[in-house]
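For reference, the structure is listed below as structure tokens.
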Amino acid sequence: ALPPAAAAATRSATAARLYSSGVVAVLRFRSGATALAAADAVIAGGIRAVEVTLTTPGATRVIASLTARYPDVAVGAGTVLGPRGAAAGAAAGAAFFMSPVGGLGRGEKGGGGRMP
């Protein structure tokens with residue numbers, strides 16, 4: 001986990017990137033390869049924030065690939081249902097996570113406190 005000041009700065013920077021992007025492309029597909037191709041297309045079209053749902057097979061590999069290939073794009077994990085999903089997204093390099101489950105917050109251990 002990051003020190004509290006560094007975690008707050010990271011969360012703030014990510015939130016600013018998400019806000020400035022104006023839109024987040026949510027990618028949910030039956031294969032990781034399709035999700036990756038769709039991400040390439042929306043990023044080529046100017047989208048600067050992409051969420052890969054963890055229901056997509058190979059989602060963490062897609063997230064890791066996108067964060068390595070597009071360091072200027074905010075890449076996040078979606079459909080995070082608990083700390084295990086948050087930890088998997090964080091380990092893959094996700095800058096943020098989205099969850100339909102109440103109670104998953106910034107202090108959740110899975111994200112190490114660095115994710116908004």
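What ranking, highest mean first, results for peptides 49-60, 24-35, 90-101 when packing means the other Cβ atoms within 10 Å averaged over each residue?
The densest-packed peptide leads the list: 49-60, 90-101, 24-35.
Per q in 0.13, 0.20, 0.23 Å⁻¹, report the Debye log10 I(q)/I(0) for region 6-58, using one uniform scatterer on each alpha carbon and no solvent.
Evaluating at q = 0.13, 0.20, 0.23 Å⁻¹ gives log10 I(q)/I(0) of -0.37, -0.74, -0.85.
Going from most exposed to least, what order do I63, I47 have by accessible area with a 1.4 Å probe? Let's see the in-between values first.
Numbers: I63 0, I47 40 Å².
Descending accessible area places them as I47, I63.
If I take R0 = 35 Å and measure r between the Cβ atoms of A5 and D72 in this structure, what FRET efficiency does the formula 1/(1 + (r/R0)^6) give, to the nearest 0.05?
Rounded to the nearest 0.05, the efficiency is 0.90.
The values are calculated or read from the model by the stated rules, or taken from the named source; none is laboratory data. Here the structure is a predicted model, which means the values were calculated and not measured. Every residue, glycine as well, gets a Cβ built from its backbone with ideal geometry; the counts of neighbours run over all protein chains shown. Surface accessibility is based on the protein's heavy atoms, side chains included, excluding ligands, DNA and RNA. Shrake-Rupley method; radii C 1.70, N 1.55, O 1.52, S 1.80 Å.
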